[in-house]
Amino acid sequence: HVLAVFAFEAPGFLDGLRAVEFVRCDTRTVTDVQRAVAGCHAVIHLAAWHCAHHPPVSDATIFSVNVDGTFNLFEACRASSIQSVVFASSMAYGWGGVYSVTKVIGEDLCRMYHESTGASVAMLRYHDFVPKSYLDFGVKLLRNGVDRRDVAASNVAALEAAVQKRFGLFQTVIHTDHRMPTEVIRDFSSYGPEWCETQVPGAGGLIAKYGLSLPNSVEQHDMSEAERLMGWTPKIGFTEFLHDLQGRDARGEDVAKLWAPGQLPV
């Protein structure tokens, strides 16, 4: 049994998941977390608040949910002898604000749990997958965006690897793999349009038609260790977005009204 701890339930969130048992709990309440963890063999800990929520929540709420909630969860895992945990970290990790600091503390709690119990713990530093307009999402993939299905797949892969004890404590970035030559990544403004055209004939016309503001360089991270230890590689990048945009354009869809990430083909 696996416990996946979420921060909230959106409308329609439970659709198609009726065979799964859901336990509503507040991770800040010790008994709630203990009840949720009981009988589980592994945990994916996703519950968190961040500064991009609308409406916004206070720094005090962000800290209590992200820090106290994570501590409570690990203590419940300890009591249930859980040996496989996946933790939702963030590329915001750092000291630039309360949310960023909660991810620093969260990863420290992961290390504490691993070193004190020997559990396999994966810390996944997600890039931005907050929903936004379709066209903005596509361009975001070239910067610090990642498709939510790649995020979901990374969690499954991390959990499977943790259960199989392929690592002890492991941290990786969860981002898009652009599969671009180095010179294109470094100087996208010069080489990017031509490269896009080789991948998706007609891409130049689409970029111009929809006024896509492309970056001078592309953000790309080395995720080879994630592939080696987790067997995971991201599937959806800017090329897939361009293919999807091309199809929608051919059908005459008004993409300006779409909300991302949409249904990009894998």
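The values are calculated or read from the model by the stated rules, or taken from the named source; none is laboratory data. Since the structure is predicted, the reported quantities are computational estimates derived from the model, not experimental observations. Every residue, glycine as well, gets a Cβ built from its backbone with ideal geometry; the counts of neighbours run over all protein chains shown. Surface accessibility is based on the protein's heavy atoms, side chains included, excluding ligands, DNA and RNA. Shrake-Rupley method; radii C 1.70, N 1.55, O 1.52, S 1.80 Å.
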Quiz item: Quick one: with all protein chains in place, what share of the accessible area of the range 159-224 is carbon or sulfur, to the nearest percent (1.4 Å probe)?
Solution: 47 percent
Practice problem: Can you tell me the dipole magnitude for the range 22-138 around its Cα centre, using point charges on the Cβ only (Lys, Arg +1; Asp, Glu -1), in Debye to the nearest 20? | Solution: 180 debye
Exercise. Heavy atoms only, probe 1.4 angstrom, no DNA, RNA or ligands counted: give me Leu245, Leu46 ranked by accessible area, highest first.
Key: Leu46, Leu245
Self-check item: Inter-site label distance for Glu21 and Thr182 at 7 Å from Cα along Cβ, in nm
Solution: 5.3 nm
Quiz item: At a probe size of 1.4 Å, how large is the accessible area of Met223, to the nearest 10 Å²?
Solution: 20 Å²
Quiz item: Put Met123, Met112 in order of accessible area, largest first, 1.4 Å probe: what do you get?
Solution: Met112, Met123
Quiz item: Angle between the Cα long axis of helix 69-79 and the longest principal axis of the chain, 0 to 90 degrees, nearest 10?
Solution: 50 degrees
Quiz item: Taking +1 at the Cβ of each Lys and Arg and -1 at the Cβ of each Asp and Glu, which of Gly237, Val130, Ser224 sits farthest along the dipole of the range 99-244 towards its positive end, judged by Cα position relative to the Cα centre?
Solution: Val130
Quiz item: What ranking of Cys51, Cys77 comes out by heavy-atom accessible area, probe 1.4 Å, highest first?
Solution: Cys51, Cys77
Quiz item: In degrees from 0 to 90, rounded to the nearest 10, what is the angle of the helix 98-117 Cα long axis to the longest principal axis of the chain?
Solution: 50 degrees
Exercise. Please calculate how many Å² of accessible area the chain carries per residue, with a 1.4 Å probe and no DNA, RNA or ligand atoms counted.
Key: 49 Å²
Quiz item: Does the chain come out rounded, prolate or oblate, given a ≥ b ≥ c as the square roots of the eigenvalues of its C-alpha gyration tensor, rounded meaning a/c under 1.5 and, failing that, prolate meaning a/b above b/c?
Solution: prolate
Quiz item: Using alpha carbon centroids, what distance separates the range 84-161 and the range 187-266, in Å?
Solution: 22 Å
Quiz item: How big is the accessible area of Val57 in square angstrom, nearest 10, if you roll a 1.4 angstrom probe over the protein chains?
Solution: 50 Å²
Quiz item: Can you pull the accessible area of Asp59 for me, 1.4 Å probe, Å² to the nearest 10?
Solution: 90 Å²
Exercise. Let me know the charge dipole size of the chain about its Cα centre in debye, to the nearest 20, where only the beta-carbon of Lys, Arg (+1) and Asp, Glu (-1) is charged.
Key: 360 debye
Practice problem: Enter the angle in degrees (range 0 to 90, nearest 10) between the Cα long axis of helix 148-163 and the first principal axis of the Cα atoms of the chain, meaning the one along which they spread out most. | Solution: 40 degrees
